[in-house]
Structures are given as structure tokens and as C-alpha cells.
Amino acid sequence: MKYVALLAGGNSGEYEISIKTAANIQTQLDTKQFETWLIVVKGKQWAYTDGDGMQFYVNKDDFSLTVHGRTVAFDVAFIAIHGDPGENGKLQAYFEMMEIPYTGCDSFCSALTFNKFFCNIAVEKCGVPISPALHFHKGVAIAYDEVIAQCGLPCFVKPCNSGSSVGVSKAHNREELVFAVALAFKEDNQVMIERFIPGRELTCGVAIWQGVVRALAVTEIKSKKEFYDFEAKYTPGFLELVTPAEIEEMLEAKVKEYSETIYKKLGCKGVVRIDFILNPDNEPVFLEINTIPGQTAMSIIPRQLAYINIPLPEFYADLIRHSCC
């Protein structure tokens, strides 16, 4: 029996989605193999709540939990926090210092992939096409006419360090661009302005399954909104997810090849999801990587696993076993 701390919540706009992700994971973990404790992280408070609503706080000195006189020393942490601090390397660095196994990418990989602009640079070095983009820090004057000349209109404005499309906008003119930049800076101190590429949106899950890096499946995301934003991701009726994507076999193979290459070259671990846009030349262009992808009942990764006949209990058990190696 392994004692598993299932970490959820976090400090970003994805708090509620993380809670749903963790709840879904918890229902799939085999109770004969794992005793799971749901730890909700919010700021400095890391708390377990029992069935009567009483809260018990994690001792961060040794990552233990004492509940009604019983002290649990966790064997492994299952990180299910989207955004800060679960996806940007902060929690990973803590567990590395504490020498406690955890699921998913390490601290360096998490920090790198969480920053959209610097991740783009690394992915391009892997030989995968990216969309041209500009990078700005808060407080630095932006020459909007020059931005439009380089990125064109419409263009995307994204906080560099955020997930689930929080703070992301599509700007169609100069006025919308100025507003979108201000909106993005509310989420982060760094902003990326990226050239818009029209096309179909594809996403591919990748995981180490039974010791082998494997692209799971390719899904097409058909959003009823102008792009795959937060509302489209988590509100029923706003999108259609087609798994497998209705694309040619050679294109499917290329998306999977790119995804596995990114996973290996960037040193990813656990399960990630990599998003692409299919440009007018039928070439997959990298958009972003999600190192802790959503795993609610609506999410893409569980759908892809179901398509390739990998049961969720076995998959999550394998993630935990691999993290403890």
C-alpha cells in the first residue's frame, strides 16, 4: 500500500478545474494499492479536509499529515494542480529538495514549458514549426504599429505564464490589441504576441506507458467560439472533441512524431498534452504544451486513453509506479 498525496487547487484561475481533475483521478485510483489523501493547496495553506469538514494542515518540514492522532508520511505526490504552483516548477522544486517522488515533469522542464515564449524557442530548436511571436515585459513601452507590422492582424495575445487560455485574446485591430495586452498583463508580468495562423486545431497526448514514451492519440478541437478559450474548454456545448481526428494517416503520424520528439527533447515525464494548429500548407505548427493537462470527465486525455483502450486505473497506477523508480 502506498500513501498518495493528491494535490489540487492552486493559485490561478484554474483552481476549480484542478479540483475536478483531482476528484476524477481519485475515483480511478485502486484503493487496494493506494491510500489517497486529497490535499488542497491555496497560497501557504496545504490542507486535508475530513468527512466532517475539519481541516488538517500539511507539515511542510517533512511533507506529512497528522489527522486525529494518526501521522501519514506520504510515499508519493500526485500533482493535479494546473497553473501556479503545480505547473510552473515550484511544487516540483519543493519535492526535489525533500527527496519525495512526484508525478509529472521535473522543476526545470515545468518552468520552461510553462513560459509560452521560451518554450517556443526550445521547441523550434527541436525542429518543430512554431508561429512567429514577440515578447514583452510589464512596464516596457510597446510600439503597437511595429507589432502589427511583424505579427499582423488578427493576432493572439497571451500571458506567458498561465494555462487554460486564461487571459488569452484574439485581437482584430489596434484598439483590441491594446486592450488584449492590458488584459494579459493582469495575469502575468510577461506577454507574448503571436501571429495568427488559420487552420484546424489538433492536440496529442503523450505519456510514458509501461516504460515507453508513447503518443496516445490525435484529437481535433472544434470550438464554437472564435478560439479554444477557457469558456470553450470547460462549458458544455461550446466545443466538439473528435478522437481520433479525421485526418490523413501521414498527418496523424507527423503530429505524433512531433509530439514524441518534444516530449523526449524537453525531458517531459508523466502525461502531457501538446497542441498544434494545422496551417494552410497542411503542416502542424506547435502552439503550446500542457504538462498537467485537465483530466476531468470532459477532458481530452481520458478520452484519448479510452480510444486506445488503456483503462484509467491502470494508467494512473503506472504514472505513480514510474515516478517512484
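Do you know which of the residues in segment 145-183 that are among the polar types (S, T, N, Q) and touching a helix residue (DSSP H, G or I) at 6+ places or on another chain (Cβ under 7 Å) is nearest to Ser18 (Cα to Cα)? Please lay out each step first, then the result.
Quick first cut of segment 145-183, residues among the polar types (S, T, N, Q) only: 150, 161-162, 164-165, 169, 173.
Now restrict to residues that are touching a helix residue (DSSP H, G or I) at 6+ places or on another chain (Cβ under 7 Å): 161, 164-165, 169.
Values: Asn161: 17, Ser164: 11, Ser165: 14, Ser169: 22 Å.
Result: Ser164.
Return yes or no: is Val72 under 25 Å from the mean Cα position of the chain (by Cα) and either surrounded by 13 or more Cβ atoms within 10 Å (Cβ to Cβ) or within 24 Å of Ala297 (Cα to Cα) (or both)? Talk me through it step by step, then tell me what you get.
Values: under 25 Å from the mean Cα position of the chain (by Cα): no; either surrounded by 13 or more Cβ atoms within 10 Å (Cβ to Cβ) or within 24 Å of Ala297 (Cα to Cα) (or both): yes.
It is false that Val72 is under 25 Å from the mean Cα position of the chain (by Cα) and either surrounded by 13 or more Cβ atoms within 10 Å (Cβ to Cβ) or within 24 Å of Ala297 (Cα to Cα) (or both).
Do you know which residues across segment 57-75 are without any contact (Cβ under 8 Å) to a residue 12 or more places away in the chain and assigned to a strand (DSSP E or B)?
Asn59, Ser64, Thr66, Arg70, Thr71
State which residue pairs qualify: first residue without any contact (Cβ under 8 Å) to a residue 24 or more places away in the chain and inside segment 240-261, second residue crowded, with 16+ Cβ neighbours inside 10 Å and of a type outside the set (A, V, I, L, M, F, W, C) in any location, beta carbons under 9 Å apart, and separation of 6 or more residues or different chains.
Cβ pairs passing all conditions: Glu240/Glu220; Glu240/Ser223; Val242/Thr219; Val242/Glu220.
Give segment 4-46 a look and list any residue that's of a type in the set (Gly, Ala, Ser), under 20 Å from Ile300 (Cβ atoms) and open to solvent by 10 Å² or more (accessible area, probe 1.4 Å), or say none. Give the derivation first.
Taking segment 4-46 and keeping what is of a type in the set (Gly, Ala, Ser), we get 5, 8-10, 12-13, 18, 22-23, 43.
Keeping just the survivors that are under 20 Å from Ile300 (Cβ atoms) gives 8, 10, 12-13, 18, 22-23.
Hits for segment 4-46 are Ser12, Gly13, Ala23.
Condition (residue is more than 22 Å from Pro302 (Cα to Cα) and surrounded by 18 or more Cβ atoms within 10 Å (Cβ to Cβ)) applied to segment 47-55: is it met by at least one residue? Let's see the steps before the verdict.
In the first step, residues of segment 47-55 are kept if they are more than 22 Å from Pro302 (Cα to Cα); the result is 47-55.
From what is left, the residues that are surrounded by 18 or more Cβ atoms within 10 Å (Cβ to Cβ) are 48.
Yes, some residue in segment 47-55 is more than 22 Å from Pro302 (Cα to Cα) and surrounded by 18 or more Cβ atoms within 10 Å (Cβ to Cβ).
Without any contact (Cβ under 8 Å) to a residue 40 or more places away in the chain and under 27 Å from Ser18 (Cα atoms): is that true of Leu112 in this structure?
Numbers: without any contact (Cβ under 8 Å) to a residue 40 or more places away in the chain: no; under 27 Å from Ser18 (Cα atoms): yes.
No, not satisfied.
Show me the strands (runs of 3 or more DSSP E) found entirely inside segment 230-325 where at least 3 residues are modelled with pLDDT under 95 and more than 16 Å from the chain's Cα centre (by Cα).
Working: elements: 239-242, 271-278, 284-290.
So the answer is 239-242.
The values are calculated or read from the model by the stated rules, or taken from the named source; none is laboratory data. Since we're looking at a predicted model, the values are computed, not measured. Cβ: placed from backbone, ideal geometry, glycine included. Neighbour counts: every protein chain shown. These area figures cover heavy atoms from the full protein model, side chains too; ligands, DNA and RNA do not enter into them. Shrake-Rupley method; radii C 1.70, N 1.55, O 1.52, S 1.80 Å.
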